[in-house]
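**Student:** Sharing a structure below in structure tokens format, with a few things to ask.
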Amino acid sequence: MRLQALHLTNVRKFTGKRASITGIGRGITVVSEANEFGKSTFFDALHALFFEKYGSGAKPVKSLQPYAGGAVEVAAEIETEQGSFLVEKRFLSRKMARIIRLSDKAIVAQDDEAERWISALLGAAGDGPAGLLWVRLNAGR
């Protein structure tokens, strides 16, 4: 699996807004900005997308909700051996999970079936991010 883009809607500092990281290419991608620009928010949301169930109200999910409340939405465009897909979840309000094949916009799986699709995609990494993502935050210079 290769991450191509990440989209957040109504997540933490992005209250009522959509924020995206797009154009993620092959090889090493560096996300670099000053403190408080939302880098950690993107990584926490990515983790929730792949490792928290859409019906979860657990701390990692609740921590994504802005002070104003509302549904938290996280979506990722990914490339797999089977093609390119949009993996999306809405947490906390109007909960849902959905997998969309990008080539024809067909819905491949929804809700619990989407969770099983994600689990199958992750295989052994389904218990945590080992091998999926490596992040190092620099605490300042």
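**Student:** Give me the percent relative contact order of region 1-109, please, defined on Cα pairs under 8 angstrom at least 6 residues apart.
**Tutor:** 27 percent
**Student:** Which of the lysines could a cross-linker bridge to Lys62, judged by Cα under 29 Å and excluding same-chain residues fewer than eight apart?
**Tutor:** Lys13, Lys17, Lys39, Lys53, Lys89, Lys95
**Student:** Still on this model: On full extension of the chain, what length is gained from Ser63 through Phe43, given 0.36 nm per residue of separation minus the C-alpha to C-alpha distance?
**Tutor:** Extending this stretch completely gives an extra 6.0 nm.
**Student:** What is the spin-label model distance, in nm, from Lys13 to Ala120 if the labels are put 7 Å beyond Cα along the C-beta direction?
**Tutor:** Taking the two extended label points, one gets 3.9 nm.
**Student:** Now, a different point. State, to one decimal in nm, how far the label point of Thr22 lies from the label point of Thr80, with both points 7 Å from Cα in the Cβ direction.
**Tutor:** 2.4 nm
**Student:** Sort Met96, Met1 by heavy-atom solvent-accessible area, probe 1.4 angstrom, most to least.
**Tutor:** Of Met96, Met1, the descending order of accessible area is Met1, Met96.
The values are calculated or read from the model by the stated rules, or taken from the named source; none is laboratory data. All of these numbers come straight from a predicted model, not from anything done at the bench. Cβ coordinates were reconstructed from backbone atoms using ideal geometry, including for glycine residues, and neighbour counts include every protein chain displayed. For accessibility, only protein heavy atoms count, side chains too; no ligands or nucleic acids. Shrake-Rupley method; radii C 1.70, N 1.55, O 1.52, S 1.80 Å.
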